[in-house]
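Below is one structure, written out as structure tokens, with a few remarks after it.
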Amino acid sequence: MHHAFESLTPDLVLDALESVGLRGDGRLTALSSYENRVYQVQLEDGNAVVAKFYRPARWSREQILEEHSFAAELMAFEVPAIGPLNLMGSTLHHWGDFDFSVSPRRGGRAPELDDGEVLEWIGRFLARIHTVGSKKPFVHRPALNVDTFAIEPLNWLLTHNMVPLDVQSAWTRGVEAAIKAIAEQPTLCGPSGSSRGKDDSGIRVLRLHGDCHPGNILWTPADASPSLGPGPHFVDLDDARTGPAVQDLWMLLSGDRQQRTRQLGALVDGYEQFREFDRAELALIEPLRTLRLIHYSAWLGRRWTDPTFPANFPWFGSSDYWQGQVQMLEEQLEAMQEDPLIV
């Protein structure tokens with residue numbers, strides 16, 4: 001089956017850039033991205049840019065432009081985020097079958113997340129992101145809740161026969177049990193999460209980075225980037241959504257409970273230098289982890305016609321994969337019964 005990205009040739013990339021006034025010198029480097037296609041392009045003037053071609057039919061143009069607007073707000077607030085360039089009067093362009101944007105190239109390395117000072121530094125900037133995110137709601141982009149990250153993925157996977165019959169019943173029971181457990185957290189359970197302000201549980205929801213894992217934070221050494229300054233800068237707002245602030249913290253935690261508590265403490269110490277952190281949100285960490293687990297399987301399933309996915313995730317779809325998902329769901333059900341981390 002032909003996939004849309006198969007028509008995204010180097011010539012098309014260069015023609016797209018030329019349509020917005022940027023002439024490439026022919027050198028393209030594909031950057032790591034499964035969801036979209038992203039290229040570093042050397043220009044004839046000696047500079048380099050990053051061109052991002054969006055997966056067709058994933059986001060509407062309104063949703064993409066809302067992401068761009070959020071990035072512009074962050075940069076105006078002097079948060080070191082990387083947003084698209086305004087070219088020919090717009091940040092979003094179209095060429096061939098693709099919407100695309102162009103951003104400046106920024107270097108950096110992975111942050112040292114075992115360093116408390118680094119985590120504190122990241123926490124300060126996350127607070128500043130959330131200060132901007134709390135100023136107004138998203139209108140077009142979705143919320144992170146049990147409907148979008150569990151119920152809809154469950155129904156899609158079953159409707160499209162993605163789960164082998166020998167494990168389908170066990171996996172379905174596990175997801176349904178997880179949904180029932182998550183339903184005890186009002187913040188994650190419905191349309192209240194789609195607006196700004198506090199929901200019925202009293203927990204505030206706001207615009208988030210949404211996918212703040214270590215790979216989406218680049219660390220810049222001192223004096224390496226005068227335009228950004230030293231420290232963390234944030235990339236890839238493609239998954240920006242409405243949700244609770246802790247969504248942008250928990251993916252930075254790893255290790256055993258003691259390690260995660262120490263890491264979280266450093267993040268919150270930095271966060272609270274700029275913005276209060278609601279400790280009630282700590283009860284959402286394991287439910288959010290569970291939602292991501294369920295959503296991930298549907299994400300793989302929806303992308304399976306893209307040749308990149310079978311090549312990079314060959315284990316997806318096997319009975320062993322789904323049995324592993326059942327086991328992880330059981331572990332998450334236990335984790336959701338444990339006391340939250342304390343900081």
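The values are calculated or read from the model by the stated rules, or taken from the named source; none is laboratory data. Only a predicted model underlies this, so the values are computations on that prediction, with no experimental measurement involved. So basically every Cβ, Gly included, is an ideal-geometry build from the backbone, and we count neighbours across all protein chains shown.
Out of (1) of a type in the set (S, T, Y); (2) under 26 Å from A4 (Cβ atoms); (3) part of a helix (DSSP H, G or I), what's the single condition that is false for T290?
Just one mismatch for T290, condition (2).
For region 31-65, how many residues meet the condition of being over 15 Å from the mean Cα position of the chain (by Cα), outside any loop (DSSP other than H, G, I, E, B) and either of a type in the set (D, E) or at pLDDT 95 or above (or both)?
Looking only at that region, the number is 16.
Which pairs do you get when a residue that is closer than 15 Å to L65 by Cα and surrounded by 16 or more Cβ atoms within 10 Å (Cβ to Cβ), found in region 122-140, comes within reach of a residue that is modelled with pLDDT under 95 and of a type in the set (S, T, N, Q), reach meaning Cβ atoms under 7 angstrom, with the pair 6+ apart or on two chains?
If the second residue must be modelled with pLDDT under 95 and of a type in the set (S, T, N, Q), the pairs left are P137/S195.
Which count do you get for residues in region 126-157 that are under 21 Å from P287 (Cα atoms) and assigned to a helix (DSSP H, G or I)?
14
I want to confirm something. Restricting to region 66-95 and keeping residues that are among the polar types (S, T, N, Q) and over 22 Å from the mean Cα position of the chain (by Cα), which single residue is farthest from R141 (Cα to Cα)?
Filtering region 66-95 for residues that are among the polar types (S, T, N, Q) and over 22 Å from the mean Cα position of the chain (by Cα), the one farthest from R141 (Cα to Cα) comes out as N86.
From the list L300, L284, exactly one residue is more than 18 Å from E120 (Cβ to Cβ) and either aromatic (F, W, Y) or free of Cβ contacts under 8 Å to residues at least 24 places away in the same chain (or both). Which is it?
That would be L300, the only listed residue that is more than 18 Å from E120 (Cβ to Cβ) and either aromatic (F, W, Y) or free of Cβ contacts under 8 Å to residues at least 24 places away in the same chain (or both).
Can you name the residue in region 55-97 that is closer than 25 Å to R124 by Cβ and of a type in the set (A, V, I, L, M) and is also surrounded by the fewest Cβ atoms within 10 Å (Cβ to Cβ) among such residues?
Of everything passing the filter in region 55-97, A76 is surrounded by the fewest Cβ atoms within 10 Å (Cβ to Cβ).
Test T308 against the criterion of being loosely packed, with under 15 Cβ neighbours inside 10 Å, under 26 Å from R55 (Cα atoms) and in contact (Cβ under 8 Å) with a residue 60 or more places away in the chain, and give yes or no.
yes
Residue by residue through region 160-169, note down the ones that are assigned to a helix (DSSP H, G or I) and closer than 18 Å to Y296 by Cβ.
V167, Q168
If I filter region 98-110 down to residues being within 19 Å of W219 (Cα to Cα) and not hydrophobic (A, V, I, L, M, F, W, C), which single residue comes out as surrounded by the most Cβ atoms within 10 Å (Cβ to Cβ)?
Looking at residues that are within 19 Å of W219 (Cα to Cα) and not hydrophobic (A, V, I, L, M, F, W, C), I get G108.
Looking at region 243-255, can you tell me whether even one residue there is under 30 Å from R58 (Cα atoms), aromatic (F, W, Y) and buried (at least 16 other Cβ atoms within 10 Å of the Cβ)?
Yes, region 243-255 has at least one match.
Can you confirm whether region 105-125 contains a residue that is among the β-branched types (V, I, T) and either assigned by TED's automatic domain parsing to the domain that holds D211 or part of a helix (DSSP H, G or I) (or both)?
yes
Only one of these conditions is not met by L157: (1) buried (at least 21 other Cβ atoms within 10 Å of the Cβ); (2) touching a Gly at 6+ places or on another chain (Cβ under 9 Å); (3) without any contact (Cβ under 8 Å) to a residue 40 or more places away in the chain. Which number is it?
Going through the list (1) buried (at least 21 other Cβ atoms within 10 Å of the Cβ); (2) touching a Gly at 6+ places or on another chain (Cβ under 9 Å); (3) without any contact (Cβ under 8 Å) to a residue 40 or more places away in the chain, L157 breaks only (3).
Scan region 237-265 residue by residue and report those that are polar (S, T, N, Q), over 12 Å from the mean Cα position of the chain (by Cα) and in a helix (DSSP H, G or I).
Taking region 237-265 first, the residues polar (S, T, N, Q) are 242, 247, 254, 258-259, 261, 263.
Filter once more, keeping what is over 12 Å from the mean Cα position of the chain (by Cα): 254, 258-259, 261, 263.
Correct list: Q258, Q259, T261, Q263.
Limited to region 329-343, what total is found for residues that are closer than 17 Å to D256 by Cβ and not β-branched (V, I, T)?
Residues in region 329-343 being closer than 17 Å to D256 by Cβ and not β-branched (V, I, T): 8 in total.
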